[in-house]
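Okay, structure first, notes after.
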Amino acid sequence: MKKRTKLIIITAMVLLLGVTGYLNIMLNNSVSENSQQITTTASYFSTYRSTRESTRDQELLYYDAIISNESSTTDAIANAETLKLALISQMEQELVIEGLIKAKGFEDCIVSILDDNVNAVVKAKELNSSEVAKILAVIQSQLNASLENVTIIPVE
């Protein structure tokens, strides 16, 4: 009877060890997938900001080069100054709108303005009509943009 009891205990322990190992693997895979998705989303926003900043820095350098070049015509200098001021204004508008959208409770967002079009990429799995209305209200209050020129994209 002792041998049978030991055999049952050993079998139960091996079975529990197997179940524990299986659950450990499944939980690690689940955490890894969620971690990878969170990293990808965070990476999207930080990568976009970094790329946008370096592109804008380059544009500003081009305008400054035209403005400071002695061989530039007065028209070229005036045009470069106008474009530089417009870019700076656009950068300020995007920054303000991003901040206001975050203040409405969204974790992160990126706003880009190109001519009359406004794109807002918001960190969210999906957006309900109330959340879209909040974002639109911010954009319209800052830019007076028409609804057909505004695109709101949720990114998880």
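The values are calculated or read from the model by the stated rules, or taken from the named source; none is laboratory data. Everything quoted here is computed from the prediction, not taken from an experiment. Glycine gets a Cβ as well: all are built from the backbone with ideal geometry, and neighbour counts include every protein chain shown. Side chains included, ligands, DNA and RNA excluded: accessible areas come from the protein's heavy atoms. Shrake-Rupley method; radii C 1.70, N 1.55, O 1.52, S 1.80 Å.
Numbers for the structure displayed
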item: Any chance Ile153 is in a strand (DSSP E or B) and closer than 20 Å to Arg52 by Cα; result: yes
item: Condition met for Ile139 (in contact (Cβ under 8 Å) with a residue 60 or more places away in the chain and surrounded by 12 or more Cβ atoms within 10 Å (Cβ to Cβ)); result: no
item: Filtered residue count, region 47-83, keeping only those that are within 27 Å of the chain's Cα centre (by Cα) and open to solvent by less than 50 Å² (accessible area, probe 1.4 Å); result: 3
item: Subset of region 103-127 (residues that are open to solvent by 80 Å² or more (accessible area, probe 1.4 Å) and either closer than 26 Å to Thr55 by Cα or not aliphatic (A, V, I, L, M) (or both)); result: Lys104, Glu107, Leu114, Asp115, Asp116, Lys125, Glu126
item: Search result, residues across region 141-150 that are in a helix (DSSP H, G or I) and either closer than 27 Å to Ser43 by Cβ or not acidic (Asp, Glu) (or both); result: Ser141, Gln142, Leu143, Leu147, Asn149
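Quick grid of which residues meet (1) closer than 25 Å to Ser43 by Cβ; (2) part of a strand (DSSP E or B); (3) in contact with a Cys (Cβ under 7 Å, 6 or more places away or on another chain); (4) modelled with pLDDT under 95:
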| site | (1), (2), (3), (4) |
| --- | --- |
| Leu85 | no, no, no, no |
| Glu92 | no, no, no, no |
| Leu95 | yes, no, no, no |
| Glu98 | yes, no, yes, no |
| Lys102 | yes, no, yes, no |
| Glu107 | yes, no, no, yes |
| Val118 | yes, yes, no, no |
| Val121 | yes, yes, yes, no |
| Glu126 | yes, no, no, yes |
